[in-house]
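The values are calculated or read from the model by the stated rules, or taken from the named source; none is laboratory data. If you're wondering where the values come from, they're calculated on a predicted model, not measured in any experiment. Ligands, DNA and RNA are stripped out before the accessible areas are found, and what is left, the full protein with its side chains, is counted by its heavy atoms. Shrake-Rupley method; radii C 1.70, N 1.55, O 1.52, S 1.80 Å.
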Amino acid sequence: MPTHLEHYRHLSGTVGWGQSEWGDSPCMAAVLQLAVNFDTTKLDKIPVKVIDRAILTYDEAAAPICPLVYGGPNACWQSGQGIPEDKPDGCAVVRVPSVNWAETVPPSGLIPYAGASPAVNRISAREWDVTEPVRWQKGSAAPLGASPTYGFLLSGGLSLDQLTAEDNTVCISALANIKLHVTYTVPPEGEPFRAPR
């Protein structure tokens, strides 16, 4: 059975979260999201295939400027005391949007995301296994009655309701070179199709 690897690219963007105090009082909090979808037209033209694995990767660095905190630009990776700090695991997480964000903007402005299903698993700081959502999107492995999925959502690890604005922590990253790597198998002609498990 021949196996193929396809790469799909998307634009860059800024994701993460930040919060700040005004003196000793809570001031503000923010979450930045980036919803992405990949053009898989070539893959979709293959009528019979098995998605073996799908990995989403990106390059990540501290965003260049973060004017979220009172007093002007601050480090985009900083501690609660407002001191620049390294974030070796980065700030971005990958989730699966639960609404069609291309057609509907949620009232809060933030895109809601699915819970544990379909599963997205972190492999390393900037590499995520998104095999299950891609299989759902390509229609080969979604459970009966499952909601469709709409690309991917890159966001900070915290949601707005988890932020207290009681310190000056900022974890906002610039993402670049966002890619979806899909490995798939085309069964030989005449062989029965076996859906992935």
What list of ³J(HN,Hα) couplings, whole Hz, do you get for region 153-165 from phi and the Karplus terms 6.51, -1.76, 1.60, once you set θ to phi - 60° and write x for glycine and proline? 10, 9, 8, x, x, 10, 9, 4, 6, 8, 9, 10, 6
Using a Cα-Cα cut-off of under 27 Å, which lysines could be cross-linked to LYS138, ignoring same-chain neighbours fewer than 8 residues away? LYS42, LYS45, LYS49, LYS179
Once phi is turned into θ = phi - 60°, what whole-Hz ³J(HN,Hα) does the Karplus curve with 6.51, -1.76 and 1.60 give for every residue of region 34-47, x standing for Gly and Pro? 9, 8, 10, 9, 10, 7, 10, 3, 4, 5, 5, 6, 8, x
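In region 94-133, what percent of the accessible surface is made up of carbon and sulfur (1.4 Å probe, ligands and nucleic acids excluded)? Present the calculation step by step, with values, prior to reporting the outcome.
Values: 1140 of 2140 Å².
Looking at region 94-133 in its full context, I get 53 percent from C and S.
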